[in-house]
1. Between residues in the range 245-256 that are in a helix (DSSP H, G or I) and residues that are open to solvent by less than 100 Å² (accessible area, probe 1.4 Å) and of a type in the set (S, T, Y), which pairs lie under 6 Å by C-beta distance while being six or more apart or on different chains?
2. Return only the number of the condition from (1) within 21 Å of S66 (Cβ to Cβ); (2) part of a helix (DSSP H, G or I); (3) open to solvent by less than 20 Å² (accessible area, probe 1.4 Å); (4) touching a strand residue (DSSP E or B) at 6+ places or on another chain (Cβ under 7 Å) that L85 does not satisfy.
3. Using the structure shown, decide if K295 is in a loop (DSSP other than H, G, I, E, B), modelled with pLDDT of 85 or more, of a type in the set (D, E, K, R) and within 21 Å of the chain's Cα centre (by Cα).
4. Residues to consider are N149, N142, N126; find the one that is assigned to a helix (DSSP H, G or I) and of a type in the set (S, T, N, Q).
5. Which numbered condition in (1) modelled with pLDDT of 95 or more; (2) open to solvent by 70 Å² or more (accessible area, probe 1.4 Å); (3) among the charged types (D, E, K, R) is the only one that E50 fails?
6. Being within 22 Å of M156 (Cα to Cα) and under 15 Å from the mean Cα position of the chain (by Cα) narrows it down to one residue among G278, G208, G201, G214; which is it?
7. Go over the candidates A178, A191 one by one and state the one that is over 23 Å from A107 (Cβ atoms), open to solvent by less than 40 Å² (accessible area, probe 1.4 Å), of a type outside the set (S, T, N, Q) and in a loop (DSSP other than H, G, I, E, B).
8. Is it the case that some residue within the range 120-141 is of a type in the set (S, T, Y), modelled with pLDDT under 95 and surrounded by fewer than 24 Cβ atoms within 10 Å (Cβ to Cβ)?
Amino acid sequence: MIKIAVDGMGGDFAPRAVVEGVELACSEKIADIVLLGDENVLKPLIKNPEGIEIYHTPTYVEMDESPSNALRRKKDSSVNKAFELMKAGKVQAVVTAGNSGAAMAFAIFTLGRLESVDRPAIATLNPNVKGGVTILIDSGGNVDCKPINLAQFALMGDVFARCVLGIDTPKVGILSNAEEETKGNELTREAHAMVKKLGLGYIGYVEGTDVHKGTADVVVSDGFVGNVALKISEGVADALIVLLKEGIEKKVRRKIGYLFIKDVFKEIAKKIDYSETGGAPLLGVDGVCIICHGKSNGKAIKNAIALAKGFVEKNLNEVIKETMRSHQSLQKTKEKKKWIIF
């Protein structure tokens with residue numbers, strides 16, 4: 001069985017929620033688990049230890065801690081020890097709901113990047129009205145990007161959509177302020193020119209509203225804009241649920257009407273629930289890493305473990321490496337350490 005390392009101390013509701021998710025994963029025979037963290041804290045929380053191995057790490061990264069500080073001072077933390085286990089071949093994937101910046105920093109530091117990938121990126125799965133999901137990449141890994149980075153994100157997102165979501169020819173778009181080619185900024189215009197030449201199912205610019213319309217299967221952005229778009233989507237979803245509940249509770253007839261359509265509301269709530277997807281893969285590092293929402297519950301952790309297992313089984317990183325090799329225009333020169341386009 002696949003063995004996955006889980007950061008037991010990462011997340012707003014850790015370690016209790018993480019242990020709950022790990023036990024759910026083991027009960028469903030998804031994978032064997034190495035649970036990293038303070039053994040004195042984790043062990044009393046585990047009700048069924050079958051399939052769970054505790055790896056004692058007394059140090060962990062705080063949710064609000066600076067990634068650079070963690071990288072300098074906490075190499076013995078639970079999240080980095082998880083990456084070290086993967087580097088040593090003792091586990092096949094890592095799942096963490098902890099500090100995403102620190103997770104990305106340790107993943108790059110300990111695992112390294114895939115061949116020809118300059119910047120790894122976080123790829124989130126966002127529900128759309130067509131009944132599927134839209135990949136948003138980058139969703140927060142890289143605040144400042146160059147056009148070549150967005151071109152690489154497009155390639156990695158395309159591989160993700162084909163190999164994991166099973167979409168034969170994914171539609172790829174660059175997130176911009178309008179659909180016209182004359183819109184956007186210098187970054188998006190230069191990236192647009194590059195992505196057009198990659199041979200993908202590129203459809204040009206897409207707007208923020210297209211993420212949930214399903215206009216594109218892969219939406220490419222720098223991490224700053226992508227994370228803002230992601231957080232706005234989450235905020236709108238939360239606000240709508242609150243407003244609907246308040247509206248229904250104001251009048252008796254609305255409460256009665258709700259009884260007839262409550263299944264619809266439950267179905268919608270399930271579609272926009274981030275715990276259903278579990279987490280987001282960090283694409284471009286030399287290993288499988290799933291970063292979960294900081295507020296992940298047990299269900300989210302379990303689904304993130306299942307997602308990690310799927311990435312291992314699909315051998316996604318090998319496909320990404322082959323794809324990058326086939327696009328010589330996105331290769332970098334080691335001597336000058338800068339990007340060139342042939």
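1. I248/Y258
2. (1)
3. yes
4. Just a single option satisfies the conditions, and that option is N149.
5. (1)
6. G278
7. Going through A178, A191 in turn, the sole match is A178.
8. For the range 120-141, residues of a type in the set (S, T, Y), modelled with pLDDT under 95 and surrounded by fewer than 24 Cβ atoms within 10 Å (Cβ to Cβ): absent.
The values are calculated or read from the model by the stated rules, or taken from the named source; none is laboratory data. What you see is a predicted model, and the numbers here were worked out from it, not measured in a lab. Backbone-built Cβ (ideal geometry, glycine too); neighbour counts: all protein chains shown. Surface areas here come from the heavy atoms of the whole protein model, side chains and all, with no ligands, DNA or RNA. Shrake-Rupley method; radii C 1.70, N 1.55, O 1.52, S 1.80 Å.
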